[in-house]
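**Student:** I have a structure here, written as structure tokens, and I will follow up with some questions on it.
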Amino acid sequence: MLGRRGITWAFTLPPAAWLVAFFIAPLVLIGAYSLRSGSGFLRLTDPWELSLQQYQRIADTPAWQYLLVVSLVMALVIAVAATVLAYPLAYFLKFRAGSRASLYLILLLIPFATSYLLRIMAWKLMLGPEGAVNSFLTWVGLISHPLDSLVYSRAAVVIALVYVWIPFAVLPIFAAMQRIERAQLEAAADLGAGPWSRFWRITVPLSLPGALAALFMVFIPTVGEYVTPALVGGSAGLMYGNIIQQFFTRAGNWPLGAALSMIMLGLTLVMVLLALRVVNLRRLAT
């Protein structure tokens, strides 16, 4: 029979091997490709000349640097908006839904049984000149002619991605609220605290780690988003991920695409680490 150490290794090795094979190894390979000279598709068997040529080209192209900054700002706006909109939903599931909380949570996640592309295309139709949004604005008299700027713009990308991420943002906030006992709120009420005071002094601090987790969970993948900007953003709503995708596919320039990816990854990690230094999650969780 396996001892305690053998059982530990038996449960640890498979996920560790999976992590190395499908997460760490691809990142190492991308990093290695970013340090290769030349352009176009390069095989592993081709001559390997280490060079900073790709990074120098990026440094000499301000348009790519600007697009990265724009993508970071858009990702932050989307993450904040999704977290703020998800918070009332999580609060309702915890404190108002009662025994139906599980049912409402399932209903919240049902849209994910539909294809992601279909849901994004639905937003493309809704934001179009003849879509539901323009029709409603025309009906209430706010506009006299359909707005062409609703679709194929950065605003369309933000709206679509906020919609996509709200259900995901609900989950960590709802999980954090699960630790809040009604006895804590009742004790605060007995001491004279009103509803708003209980909310801001008990509910918000205890659920803040979940809200921050939701913020990071939305922000990190959104920086490199390229499918949604391509569908509803058009040329006016391109993000940094679209440039990377084009170099890996249409242009076939893997070294340059890898260098762009590593810069995005490094800058995103720096921003997350700085945020974690400012906000001590361990202190908030105690």
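**Student:** Looking at segment 66-121, which of the residues that are loosely packed, with under 14 Cβ neighbours inside 10 Å and of a type in the set (Ser, Thr, Tyr) is nearest to THR228 (Cα to Cα)?
**Tutor:** Among those residues, the one meeting the criterion is TYR116.
**Student:** Another question, if that's okay. Out of all the residues in segment 184-196, is one or more crowded, with 22+ Cβ neighbours inside 10 Å and either more than 12 Å from the chain's Cα centre (by Cα) or at negative phi (or both)? Before you say what the answer is, go through the steps one by one.
**Tutor:** Initially, segment 184-196 is screened for residues crowded, with 22+ Cβ neighbours inside 10 Å, giving none.
Looking for residues that are crowded, with 22+ Cβ neighbours inside 10 Å and either more than 12 Å from the chain's Cα centre (by Cα) or at negative phi (or both), one finds none in segment 184-196, hence no.
**Student:** Which of the residues spanning segment 57-106 are assigned to a helix (DSSP H, G or I) and among the hydroxyl-bearing types (Ser, Thr, Tyr)?
**Tutor:** TYR66, SER71, THR83, TYR87, TYR91, SER99, SER102, TYR104
**Student:** Within segment 26-36, can one find any residue that is surrounded by fewer than 16 Cβ atoms within 10 Å (Cβ to Cβ), in contact with a Leu (Cβ under 9 Å, 6 or more places away or on another chain), of a type in the set (A, V, I, L, M) and modelled with pLDDT of 90 or more?
**Tutor:** Yes; the residues of segment 26-36 include at least one that is surrounded by fewer than 16 Cβ atoms within 10 Å (Cβ to Cβ), in contact with a Leu (Cβ under 9 Å, 6 or more places away or on another chain), of a type in the set (A, V, I, L, M) and modelled with pLDDT of 90 or more.
**Student:** (1) of a type in the set (Ser, Thr, Tyr); (2) in contact with a Leu (Cβ under 6 Å, 6 or more places away or on another chain); (3) closer than 18 Å to ARG179 by Cβ: which one isn't true of THR203, the others all being true?
**Tutor:** Failed condition: (2).
**Student:** Another one. Identify, please: which residue in segment 200-211 is under 15 Å from VAL84 (Cα atoms) and surrounded by fewer than 17 Cβ atoms within 10 Å (Cβ to Cβ) and is, among those, nearest to the chain's Cα centre (by Cα)?
**Tutor:** The initial filter retains those residues of segment 200-211 that are under 15 Å from VAL84 (Cα atoms), namely 200, 203-205, 207-211.
Pick out the ones that are also surrounded by fewer than 17 Cβ atoms within 10 Å (Cβ to Cβ) and you get 200, 204-205, 208.
Numbers: TRP200: 26, VAL204: 22, PRO205: 23, LEU208: 18 Å.
Here the residue is LEU208.
**Student:** Between residues in segment 257-286 that are modelled with pLDDT of 90 or more and residues that are surrounded by 14 or more Cβ atoms within 10 Å (Cβ to Cβ) and of a type in the set (S, T, N, Q), which pairs lie under 7 Å by C-beta distance while being six or more apart or on different chains?
**Tutor:** Hits for this filter: ALA258/SER34; ALA259/SER34; ALA259/GLN54; MET262/SER34.
**Student:** I would also like to ask the following. Return yes or no: is THR45 of a type outside the set (A, V, I, L, M, F, W, C), farther than 24 Å from MET177 by Cβ and at pLDDT 90 or above? Steps first, answer last, please.
**Tutor:** On the way: of a type outside the set (A, V, I, L, M, F, W, C): yes; farther than 24 Å from MET177 by Cβ: yes; at pLDDT 90 or above: no.
For THR45, the condition - of a type outside the set (A, V, I, L, M, F, W, C), farther than 24 Å from MET177 by Cβ and at pLDDT 90 or above - is not met.
**Student:** Here's another thing I want to ask about it. Identify the single condition in (1) over 30 Å from PRO209 (Cα atoms); (2) part of a helix (DSSP H, G or I); (3) over 19 Å from the mean Cα position of the chain (by Cα) that LEU117 does not satisfy, given that it satisfies every other one.
**Tutor:** (3)
**Student:** Another question, then. Considering VAL77, VAL84, VAL69, which residue is out of contact with any Gly (no Cβ under 9 Å at 6 or more places or on another chain), farther than 15 Å from PRO172 by Cα and at pLDDT 95 or above?
**Tutor:** Working: VAL84 fails: farther than 15 Å from PRO172 by Cα; VAL69 fails: at pLDDT 95 or above.
The match here is VAL77.
**Student:** Which members of segment 225-250 meet the condition of being surrounded by fewer than 19 Cβ atoms within 10 Å (Cβ to Cβ) and in contact (Cβ under 8 Å) with a residue 40 or more places away in the chain?
**Tutor:** VAL227, GLY234, SER235, ALA236
**Student:** Tell me whether segment 167-176 contains one or more residues that are closer than 20 Å to THR228 by Cα, touching a residue at least 40 places away in the same chain (Cβ under 8 Å) and either loosely packed, with under 15 Cβ neighbours inside 10 Å or touching a Pro at 6+ places or on another chain (Cβ under 8 Å) (or both).
**Tutor:** Residues of segment 167-176 closer than 20 Å to THR228 by Cα: 167-169.
Next cut, touching a residue at least 40 places away in the same chain (Cβ under 8 Å) only: 167-169.
Those still in the list that are either loosely packed, with under 15 Cβ neighbours inside 10 Å or touching a Pro at 6+ places or on another chain (Cβ under 8 Å) (or both) too: 167.
Scanning segment 167-176, I find at least one residue that is closer than 20 Å to THR228 by Cα, touching a residue at least 40 places away in the same chain (Cβ under 8 Å) and either loosely packed, with under 15 Cβ neighbours inside 10 Å or touching a Pro at 6+ places or on another chain (Cβ under 8 Å) (or both), so the answer is yes.
**Student:** So which residues in segment 125-153 are at pLDDT 85 or above, part of a helix (DSSP H, G or I) and crowded, with 19+ Cβ neighbours inside 10 Å, if there are any at all?
**Tutor:** Across segment 125-153, the qualifying residues are MET126, LEU127.
**Student:** Can you confirm whether THR268 is farther than 25 Å from PRO62 by Cα, surrounded by 16 or more Cβ atoms within 10 Å (Cβ to Cβ) and among the hydroxyl-bearing types (Ser, Thr, Tyr)?
**Tutor:** Working: farther than 25 Å from PRO62 by Cα: no; surrounded by 16 or more Cβ atoms within 10 Å (Cβ to Cβ): yes; among the hydroxyl-bearing types (Ser, Thr, Tyr): yes.
So THR268 fails the test.
The values are calculated or read from the model by the stated rules, or taken from the named source; none is laboratory data. From a predicted model like this one, the values you see are computed outputs, not experimental measurements. So basically every Cβ, Gly included, is an ideal-geometry build from the backbone, and we count neighbours across all protein chains shown.
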